[in-house]
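These notes concern the structure reproduced below.
The values are calculated or read from the model by the stated rules, or taken from the named source; none is laboratory data. Computed from a prediction, not measured in an experiment: that's the story for all the values here. So basically every Cβ, Gly included, is an ideal-geometry build from the backbone, and we count neighbours across all protein chains shown. Note: areas computed on protein heavy atoms with side chains; ligands, DNA, RNA excluded. Shrake-Rupley method; radii C 1.70, N 1.55, O 1.52, S 1.80 Å.
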Amino acid sequence: MVQAARSGKQNIVEGTEDGKTSTTMELNLLNVARSSIGELRQDYEDFLLSRQLSQWTSADQRFQPMQDFTKNHNQLADYEPFFQQWTAEEMANVALTLFYQVDTMMNRYLRKVEEIFVKEGGVKERMHKARTEYRQKQDERLAELERTLPILEQQLVTAKAEAAQWKSAYEDLKQRALKAYNQQQEEIKALKQQLGL
């Protein structure tokens, strides 16, 4: 019974921890934990039966107060004051109630994990999806750059041609301005000679 109790607890802890990297492992370990707790529950039922003690049902007046207590208390310290007060029958019924409540919570949690697994996959699947989406974005960016490259190359050719035209026009303008300047210098020189200056 001690081994079943430890196995239930340890598999819950390990399953929750392993769930960070593997949903499949988490589901497996939590199901092992449920089995261990189920074994322990059966042992407590056998304990009551073999000693001709009662397993409380909803018809028993002690049942509801016990359920209310166990639903609102989940620390060992909450139960320690009663260890020397409760009878074997009371202890066993409280333990059984806790087992059923843990099993209900685990079932609910397992369904949720399975639902997420079916919809989104496990951690490995989500990592693969993230890598695939990242790679797809990189591929799309590369394709976009490859599409715009020829356009940019054409714009560069056009800009170079325009720059060459402007350079040619500048050289032409420069030569004409220089020619006009030289002609004026010659004219000024000739006029000064005529005037005797």
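Going residue by residue through region 136-152, is there one that turns out to be within 30 Å of D18 (Cβ to Cβ), open to solvent by less than 50 Å² (accessible area, probe 1.4 Å) and aliphatic (A, V, I, L, M)? No: region 136-152 contains no residue that is within 30 Å of D18 (Cβ to Cβ), open to solvent by less than 50 Å² (accessible area, probe 1.4 Å) and aliphatic (A, V, I, L, M).
Based on this model, can you work out whether V123 counts as more than 24 Å from A5 (Cβ to Cβ) and either modelled with pLDDT of 95 or more or surrounded by 11 or more Cβ atoms within 10 Å (Cβ to Cβ) (or both)?
Values: more than 24 Å from A5 (Cβ to Cβ): yes; either modelled with pLDDT of 95 or more or surrounded by 11 or more Cβ atoms within 10 Å (Cβ to Cβ) (or both): yes.
Here the answer is yes, as V123 does meet what is asked.
Listed residues Q75, Q67; which is without any contact (Cβ under 8 Å) to a residue 12 or more places away in the chain and of a type outside the set (A, V, I, L, M)? Please lay out each step first, then the result.
Details: Q67 fails: without any contact (Cβ under 8 Å) to a residue 12 or more places away in the chain.
None of the other options fit; the residue is Q75.
Kindly evaluate E114 against the criterion of being surrounded by 10 or more Cβ atoms within 10 Å (Cβ to Cβ) and under 23 Å from the mean Cα position of the chain (by Cα). Before the answer, list the steps.
Values: surrounded by 10 or more Cβ atoms within 10 Å (Cβ to Cβ): yes; under 23 Å from the mean Cα position of the chain (by Cα): yes.
So E114 fits the description; yes.
R131 meets all of the listed conditions (1) modelled with pLDDT under 85; (2) over 37 Å from the mean Cα position of the chain (by Cα); (3) of a type outside the set (A, V, I, L, M, F, W, C); (4) surrounded by 10 or more Cβ atoms within 10 Å (Cβ to Cβ) but one, namely (2).
Taken over region 74-94, the criterion of being farther than 21 Å from T57 by Cβ, within 45 Å of the chain's Cα centre (by Cα) and among the polar types (S, T, N, Q) is satisfied by N74, Q75.
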